[in-house]
1. So which residues in the stretch 198-253 are under 26 Å from the mean Cα position of the chain (by Cα), among the hydroxyl-bearing types (Ser, Thr, Tyr) and assigned to a loop (DSSP other than H, G, I, E, B)?
2. So LYS335 ticks every box in (1) over 30 Å from GLU160 (Cα atoms); (2) out of contact with any Cys (no Cβ under 7 Å at 6 or more places or on another chain); (3) modelled with pLDDT under 90 but one. Which box is left unticked?
3. If ARG345 meets every condition in (1) more than 26 Å from SER189 (Cα to Cα); (2) of a type outside the set (Ser, Thr, Tyr); (3) not assigned by TED's automatic domain parsing to the domain that holds ALA223 apart from one, which number is that one?
4. May I ask you to say which residue of ARG73, ARG100, ARG44 is out of contact with any helix residue (DSSP H, G or I) (no Cβ under 6 Å at 6 or more places or on another chain) and either outside any strand (DSSP E or B) or within 30 Å of ALA379 (Cα to Cα) (or both)?
5. Go through the stretch 344-362 and give me each residue that's under 26 Å from the mean Cα position of the chain (by Cα) and either hydroxyl-bearing (Ser, Thr, Tyr) or modelled with pLDDT of 90 or more (or both).
6. Scan the stretch 255-295 residue by residue and report those that are modelled with pLDDT under 95, part of a helix (DSSP H, G or I) and not aliphatic (A, V, I, L, M).
7. (1) farther than 16 Å from VAL286 by Cα; (2) buried (at least 17 other Cβ atoms within 10 Å of the Cβ); (3) touching a strand residue (DSSP E or B) at 6+ places or on another chain (Cβ under 6 Å); (4) not polar (S, T, N, Q): which one isn't true of PRO200, the others all being true?
Amino acid sequence: MSKGLPSVPLHEIATPVQRAVAVVPGNAYRTLGVKWWGEGAYERDIIDGSQTAAITLNEVREGDLIINKIWVRHGSVAIVGPKVDGCVGSNEFPTFDLNRRRVLPRWLHWYTKTRNLWQKCAALSQGTSGKNRIRPERFLSIDIPLPPLDEQRRIVTTIEGLAARIEECRAVHTEVVEDCAVLCRSILSNDPASPAILTPMSEMVSPRAPDVSVAADGIYHFAGVYCFGKGVFAGQRKTGLDFAYKNLTQLRMGDFVYPKLMAWEGALGIVPSECDGLCVSPEYPVFSVNTERVLPEVLDVYFRSPPVWPQLAEISTGTNMRRRRLHPSSFLAFKMPLPPMETQRRLREVKTRLDSLADVQSQSAAELDALLPSILDKAFEGGL
């Protein structure tokens, strides 16, 4: 029960509703999903009626309350927004009509984003198996804070004002990061006094062979590479029984790495210090960098540049665009404009300073991530 606000069980303000839509082969249906952790409902796929065994699907409307029966314990609960209005879902997505004389949909929209609700849903989900589902009647037994409508409006207005300020701060952070990337790219490309020379990658990097033999009882910490120039990151830990590869490659700080499958979409980068010693599968070619020819920072900036990715797509092979691979031989033959070492050193100096700024930006972003949940906790305890 809320400390400072009255509460009611959901069944007092939400009623199960089914708007059955007959499934007809040849007709198109906009299907929906509900993201975890209060991230909302979304339009998933457009399917033909022949693609589902269901006889009917249920239509949702803006302002409905909807859950995923399996994943509601992970916060898969939402208020249907205008972009999802008219979508359809299976019986795995119970839908509820709200009594708007007692509750504002926006009030529940923000409450679906609280840990308090997720914990209540988890407590009522049966067992621990991923196949266990919450029954709608159990979901409707959950108590939620519910002040009068005028108080709901006041609190919602306050939350949304604060949320808007947080998003403004995020936008500024994003703009700063993007401006830093543009500045680094400009150093590589805008030096007419010292023009770059097209140079094959084989003169700048050397392939590294897998150097880790996998043991069944071993534990291996993997790295990954984000698409769209977002760099190398630390991934999951797995035992040798969790995958079929017999050999892995251990990364070293300053190596260059990419996944064959997604390199054409900007998944390339230099290994940062936090990924030193992590492993990648043979699907990730790894290269040591010849620092007498090129500094790692130059490769990192160049291959994170969006204009470069279509060039990599052209040399990637495969009949299906989404399955195209950049093989090491093609990458080594690829030519990039290599600036003089003097320009490279200037880039390194600027990038070092900008990376320090990025660290501060990252800390601020983490603080912003924690701010909204704190505001919501305070709001639904009657503290706003």
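The values are calculated or read from the model by the stated rules, or taken from the named source; none is laboratory data. Note that the structure is predicted; figures quoted are calculated from it, not measured. In this analysis, Cβ positions are derived from the backbone assuming ideal geometry, glycine residues included, and neighbour counts consider all displayed protein chains.
1. TYR226
2. (3)
3. So ARG345 meets the others, but not (1).
4. Sole residue among the options that is out of contact with any helix residue (DSSP H, G or I) (no Cβ under 6 Å at 6 or more places or on another chain) and either outside any strand (DSSP E or B) or within 30 Å of ALA379 (Cα to Cα) (or both): ARG100.
5. Hits for the stretch 344-362 are SER356, SER362.
6. Scanning the stretch 255-295 gives TRP264, GLU265, SER273, GLU274.
7. Among (1) farther than 16 Å from VAL286 by Cα; (2) buried (at least 17 other Cβ atoms within 10 Å of the Cβ); (3) touching a strand residue (DSSP E or B) at 6+ places or on another chain (Cβ under 6 Å); (4) not polar (S, T, N, Q), PRO200 violates only (2).
Here's the yes/no breakdown for (1) in the same structural domain as ARG324 (by TED's automatic domain parsing); (2) within 21 Å of PHE334 (Cα to Cα); (3) β-branched (Val, Ile, Thr):
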site	(1), (2), (3)
VAL212	yes, no, yes
ASP217	yes, no, no
ARG252	yes, no, no
LYS260	yes, yes, no
